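The values are calculated or read from the model by the stated rules, or taken from the named source; none is laboratory data. Treat the numbers as computed from the prediction; the structure is a model and nothing was measured. In this analysis, Cβ positions are derived from the backbone assuming ideal geometry, glycine residues included, and neighbour counts consider all displayed protein chains. Keep in mind that these areas ignore ligands, DNA and RNA; they rest on the heavy atoms of the full protein, side chains included. Shrake-Rupley method; radii C 1.70, N 1.55, O 1.52, S 1.80 Å.
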Amino acid sequence: MIYSMTGYGKSVLQLPTKKITIELKSLNSKNLDLNARMPSIYREKELEIRKQIANQLVRGKVDFSIYVETTADDTSTQINTPVVKQYMQQLKDVVDGDDTELLKMAVRFPDALNTVREEIDENEWTQIQTEITQAINALNQHRLDEGKVLEADFNARIKNIADLLNQVIAIDPERIEGVRERLKKGVEELKEKYDENRFEQELVYYIEKFDITEEKVRLNNHLNYFTESINSSDSNGKKLGFISQEIGREINTIGSKSNYAPMQQLVVQMKDELEKIKEQLLNVL
């Protein structure tokens, strides 16, 4: 079971005087990169929110937002009436104008409006925490759904590499025989007498350099290990990345030793499948 690092979660809390919307978006990243946006009233809870998100999302570039929409006739900003009246009186001594015009000028001056700083209601905050958890769960479900798509793609490509490996195994005896015939023909074209036994000894030594038995076994083991890791209970993109590196190492060694065009063509196809796996692994949690 694997999780994608791409996801989206949203939750809405409707209170008597306001609507609070919580959104979470995540993209791939090597580590947790969290950007939090919220009204100033909730800033004192930011560290607590960050810990909650870090514990549950682990990795990814995450954008967290809290939006507040007032739904009642209530405001934290009030007119400072005594100050405004004083401003208007002073303005009358300076300019001529009706009260409406003087009021428009007075409310622009310092301290004409008072903003009452809101305090967090603990009962309200408990409800917000619950909604944050809901948004995180929604994002994780999105990640899981995306992960299932990636898992299907990985399994298909690993199977393709395994099928290509079986083709490599099938033509390997033909390849070795071809190497043997080319060497023998080359020696015969020299038109010199040679020791048949010594030639066979040298031939065996030469062919051993082209032997890919160990590479075939290790590559098959790595493919099986990749599949087992996908089906494990945890999602570990970094681990799968390490395994894919080992798969690539064995494929490259087979290619360098093959010295046989049909086998090299199969190696190129295996490399192509592996590159597509590596690209998708960047999105795995």
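Before moving on, here are some points about what is shown:
- The protection proxy used here, the mean number of other Cβ atoms lying within 10 Å of each residue, ranks peptides 275-283, 89-97, 177-185, 219-227 as follows, highest first: 219-227, 275-283, 177-185, 89-97.
- Whole-number Å³ per residue for the convex hull built on Cα positions in region 34-112: 144
- Carbon plus sulfur fraction of accessible area for the chain, probe 1.4 Å, in percent: 49
- With the convex hull of the Cα atoms taken as the outline of the chain, the averaged projected area works out to 25.9 nm².
- Calculated on C-alpha atoms, the gyration radius of region 201-263 divided by its Kirkwood radius gives an Rg/Rh of 1.15.
- DSSP bridge orientation in the chain - percent antiparallel, rounded to nearest 5: 80
- In the context of the full set of protein chains, the chain has a per residue accessible area of 60 Å² (1.4 Å probe).
- Tail fraction, Cα-Cα pairs, region 3-69, threshold 16 Å, whole percent: 48
- Loop sites in region 7-90: trypsin sites (Lys or Arg not before Pro), DSSP, at most 14 other Cβ within 10 Å: K30
- For K216, the aspartates and glutamates whose Cα comes closer than 15 Å to its Cα, not counting residues fewer than 8 places off in the same chain, are D163, D172, E208, E246, E250.
- About the Cα centre, charge dipole magnitude for the chain (Lys/Arg +1, Asp/Glu -1 at Cβ), debye: 500
- Stretch gain in nm, segment T126-D99, where the contour uses 0.36 nm per residue and the Cα spacing is subtracted: 5.0 nm
- Partners for K148 among lysines (Cα-Cα distance below 24 Å; same-chain residues under 8 apart left out): K10, K25, K30, K61, K159, K238, K239, K271, K276, K278
- Averaged over residues, the count of other Cβ atoms within 10 Å places the peptides 98-105, 246-253 in the sequence 246-253, 98-105, highest first.
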